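Below is one structure, written out as structure tokens; comments come after it.
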Amino acid sequence: MRIIENLLKSVVLEEGIITEKIKLSEAAFKIRLENKNISKTNFVPGSFLRMGIGIGNDELSMKDKIRSYSVWDINKDEGYLDVAIATHSNGIGSQWVKDCQVGDSVHFKWKKGKFLADDSADSYLLIGDLSALSHLYMIHRNIGYGKQVESILYSQGKNELFADVDGTLPFNFYELSPNPVKALTDKVKEIVPAFKGKKIAYIAGDSRICVALNQFFRKELQWETRQIKTKPFWNPEKKGLE
Ligand SMILES: Cc1cc2nc3c(=O)[nH]c(=O)nc-3n(C[C@H](O)[C@H](O)[C@H](O)COP(=O)(O)OP(=O)(O)OC[C@H]3O[C@@H](n4cnc5c(N)ncnc54)[C@H](O)[C@@H]3O)c2cc1C
């Protein structure tokens, strides 16, 4: 295992140093990472990192060594990026973010994926839980000005949800119990009739919500597949996801 980890660290992953750690709420932390390559990165809004948070911990299996975290903000001039990590899971990612300290190093790899900012629509609906909030903030900052934007961001406690990097609160926050399919579809039905022009929905976080809402948009609202962007971040029956 050590040989594989050393190979990962030296060939596949980059090293970043934690230069800031802030408790955003009772259930989320912000982590700032710096390294010399961040200023040269060809960053696409909606990209994420595979972070080797379990590397060096011999007690963990290989699949528990890596967790994915979305880039919440990037400052290429100063060579840093921020991620926001939720702690509800109580898994290794959650433990890592509680324990890590400024000055620690962490290895990571960039991933672009397909859950990226698309500025081609006129009206947007963004839906997600605490784990998806930072990703949806990044999408929101990169869909262009003058768009019609509605949002449903939820958590069990409203005070667990946090403001965007510039201190603004552009989203509507809701206090909802886990897997709130009915509450979400009811709200979607209230929101979408007022949408004009080309519409896009972003749905992220709990995989059950991604599946149920994708079906709801397609079957009940007759939206086309390309208008519905979903990204499961976690699944109640699995550890990690990507
Ligand atoms: C592309 C991508 C981007 C992601 N970006 C972020 C991000 O920016 N911030 C972030 O916090 N997470 C993000 N995630 C999720 C993250 O990668 C981890 O899955 C999450 O942090 C849980 O990891 P863990 O090791 O703490 O728990 P695990 O060991 O993976 O899971 C332990 C248990 O907790 C459950 N669980 C996991 N997450 C939650 C949750 N949020 N609420 C309730 N139960 C949960 C699991 O289903 C499992 O039963 C992202 C995932 C993907 C695929």
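The values are calculated or read from the model by the stated rules, or taken from the named source; none is laboratory data. None of these values were measured; they are calculated from a predicted model. All Cβ positions, even for glycine, are placed from backbone atoms using ideal geometry, and neighbour counts span all protein chains on display.
When only residues in region 73-120 that are aromatic (Phe, Trp, Tyr) and within 10 Å of the ligand (Cβ to nearest atom) count, which is farthest from the chain's Cα centre (by Cα)?
Trp96
Matching residues to (1) more than 19 Å from Glu14 (Cα to Cα); (2) in the same structural domain as Leu221 (by TED's automatic domain parsing):
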site	(1), (2)
Pro45	yes, no
Leu49	no, no
Gly54	no, no
Asp58	yes, no
Gly91	yes, no
Ser94	yes, no
Asp104	no, no
Arg141	yes, yes
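For region 149-169, indicate whether the set of residues that are under 18 Å from the mean Cα position of the chain (by Cα), part of a helix (DSSP H, G or I) and within 18 Å of Trp234 (Cβ to Cβ) is non-empty.
Yes: one or more hits.
Which members of region 150-176 meet the condition of being small (Gly, Ala, Ser) and closer than 15 Å to Ala27 by Cα?
Ser155, Gly157, Ala163
Collect the residues in region 204-214 that are within 24 Å of Asp122 (Cβ to Cβ) and surrounded by fewer than 20 Cβ atoms within 10 Å (Cβ to Cβ), keeping them in residue-number order. Show your work before the answer.
Pass one, region 204-214, residues within 24 Å of Asp122 (Cβ to Cβ): 204, 210, 213-214.
Hit for region 204-214 is Asn214, nothing else.
Could you grab me the full set of residues in region 182-224 that are closer than 24 Å to Gly46 by Cβ, free of Cβ contacts under 8 Å to residues at least 24 places away in the same chain and of a type outside the set (S, T, N, Q)?
Hits for region 182-224 are Cys210, Val211, Arg218, Glu224.
Touching a residue at least 40 places away in the same chain (Cβ under 8 Å), within 30 Å of Phe217 (Cα to Cα), near the ligand (Cβ under 10 Å from one of its atoms) and assigned to a strand (DSSP E or B): is that true of Ile127 in this structure?
On the way: touching a residue at least 40 places away in the same chain (Cβ under 8 Å): yes; within 30 Å of Phe217 (Cα to Cα): yes; near the ligand (Cβ under 10 Å from one of its atoms): no; assigned to a strand (DSSP E or B): yes.
Answer is no for this residue.
Within region 183-203, does at least one residue satisfy the condition of being surrounded by fewer than 17 Cβ atoms within 10 Å (Cβ to Cβ) and within 16 Å of the ligand (Cβ to nearest atom)?
No - not one qualifying residue is present in region 183-203.
Out of (1) within 16 Å of the ligand (Cβ to nearest atom); (2) at pLDDT 95 or above; (3) over 15 Å from Val181 (Cβ atoms), what's the single condition that is false for Gly240?
Failed condition: (2).
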